[in-house]
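Shown next, in structure tokens, is the structure this report addresses.
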Amino acid sequence: MRVRGRNLAIGLAVLPFLVVFIAWTGFFNVAASTGHWKITEWFLHFAMRSSIRNYALWVDVPNQLPREGLQPAAGHFARGCAICHGAPGEPRSAAALAMLPQPPDLAGVVETWKDGELFRIVKHGVRYTGMPAWPTQARDDEVWAMVAFLRHLPSMEPVTYRALVHTEAPTRQGQTPGCEGVLTECSRCHGVDGMGRSPLTPPIAGQSEIYLLETLRAYADGRRPSGIMQLSVQAVDRLHLPALARHFSALPRKTRVSDQNDGAMRGEVIARRGRPTDNVPACSGCHEGSARNPVYPDIEGQSALYIATQLRLFREGQRGGTRFSPIMQSAARRLSDEDIADVAAYFSQLAPKH
Ligand code: HEC
Ligand code: HEC
Ligand code: HEC
């Protein structure tokens, strides 16, 4: 008995060296071209599905998937996912089909996953498969927008998809020198007029040029977390950023129809006077008037949903930005959910100054 126990211990101690030795001989075939054995393939998928099902138990699933982010999610899909998974009307490329494991056509598989599971896959990616994680782990709202988009995918017609991810090309005359070729990328979501094609995409037309430039650099360096904007800006040469900021800043800021009116009067009181008892500062001191710091953005006429989303991110310390963003983080720290809804309603109703 004792001898057997000793043999077992020696066997266990030698095993790792044996495995390293076999790996060193080059016996294992790592070629993707020959595929996996059926049993290996079954085992890997079994392990992946079990892991995702398990970790998805900790995901806080919203009652309703947000619809407002469908357009930017589709735009992100076109740049960041279609290259492997294909898209409505766009079959997967030969390179994607030669990957191991092969990225599936998602229209055929999303129904096999629950919302929380899709969230888990899109946010964290899948190890050893080539399926990447979301570009930032700092916020979940964009990932949920992508899950909502994936739910629409199986029934989405190619024309609907194309309308979501493309706009008419900007005309040559309308382009600021230095922006050639890159405006099409931005117009996908911001529109040729720079007013934003969804309530979550802010109007950048007529916004302060220096704010736009510093913000684009903040996205490029990861100082302002947004998977959607980071992917897009990182695809553009940094040398183009000043021209892009100049271009959008020079476009006329149009008036949008406000999407939220309730609470605007309460919001106006906070905006003008703040709430000194709670150390909530007056917003207007920094956001209105022409004498303010030019890096502070114009927020009049942004959608209530965009303003509220950004305020929540500031409050939770997840909204970076220019070198002045810590000021705004402390301004938002003591806002309640109701305050946020009220000030968002107030500023969304104001006509832009330009
Ligand atoms: C570099 C290629 C690549 C990119 C880019 C990519 N994926 Fe994947 N994806 C994969 C691979 C490979 C798998 C794993 C397939 C497997 O083992 O079943 C996968 C799996 C998935 C799955 C699980 C489907 C299933 O049943 O296996 C979903 C959902 C998914 N990807 C969504 C996305 C989304 C959304 C994006 C863009 C944000 C994206 N992927 C970007 C390669 C990619
Ligand atoms: C796939 C959709 C998409 C594309 C493509 C895109 N954007 Fe954005 N953009 C967004 C969304 C969504 C936001 C809000 C992100 C956030 O919450 O920080 C945003 C935010 C911005 C902001 C911040 C504005 C503010 O008021 O703080 C700027 C500036 C901007 N985008 C410029 C650009 C430029 C320039 C391009 C082209 C290189 C571009 N975007 C491409 C969707 C997109
Ligand atoms: C002390 C100055 C200051 C005060 C007070 C202030 N802000 Fe700001 N705010 C800023 C700065 C600076 C930024 C830009 C942060 C960045 O992206 O770098 C900003 C950004 C914002 C943004 C994001 C705009 C965009 O385009 O993304 C919103 C929304 C906003 N503020 C709303 C408010 C509201 C509502 C209040 C009042 C409760 C307020 N701010 C008070 C300085 C201030």
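Remarks
- The range 310-327 residues that are under 16 Å from Ala218 (Cα atoms), paired with ones that are β-branched (Val, Ile, Thr) and near ligand 3 (Cβ under 7 Å from one of its atoms) (beta carbon under 9 Å, 6 or more apart): Gln310/Ile299; Gly321/Thr215; Thr322/Thr215; Thr322/Val295; Arg323/Val295; Phe324/Val295
- Within the range 306-331, if we keep just the residues that are of a type in the set (Gly, Ala, Ser) and over 22 Å from the mean Cα position of the chain (by Cα), the residue that is surrounded by the fewest Cβ atoms within 10 Å (Cβ to Cβ) turns out to be Ser330.
- Any hit, the range 5-15, residues being under 26 Å from Val126 (Cβ atoms) and either modelled with pLDDT under 95 or aliphatic (A, V, I, L, M) (or both): no
- Of the residues making up the range 231-244, those that are in contact (Cβ under 8 Å) with a residue 24 or more places away in the chain and either crowded, with 21+ Cβ neighbours inside 10 Å or assigned by TED's automatic domain parsing to the domain that holds Tyr296 (or both) number 3.
- Within the range 89-107, not a single residue is under 14 Å from the mean Cα position of the chain (by Cα), in a loop (DSSP other than H, G, I, E, B) and of a type in the set (Asp, Glu).
- Ala220 within 9 Å of ligand 2 (Cβ to nearest atom) and surrounded by fewer than 19 Cβ atoms within 10 Å (Cβ to Cβ): no
- Test: residue in the range 199-216 that is within 15 Å of the chain's Cα centre (by Cα), not in a loop (DSSP other than H, G, I, E, B) and not assigned by TED's automatic domain parsing to the domain that holds Gln318: yes
- When Arg224 is tested against (1) out of contact with any Asp or Glu (no Cβ under 9 Å at 6 or more places or on another chain); (2) modelled with pLDDT under 95; (3) assigned by TED's automatic domain parsing to the domain that holds Cys186, exactly one condition is not met: (2).
- Checked against the criterion of being β-branched (Val, Ile, Thr), within 16 Å of ligand 3 (Cβ to nearest atom) and under 14 Å from the mean Cα position of the chain (by Cα), the range 130-144 has at least one qualifying residue.
The values are calculated or read from the model by the stated rules, or taken from the named source; none is laboratory data. None of the values given here were measured: they were computed from a predicted structure. Quick reminder, even Gly has a Cβ in these numbers, built from the backbone with ideal geometry, and neighbours come from all protein chains shown.
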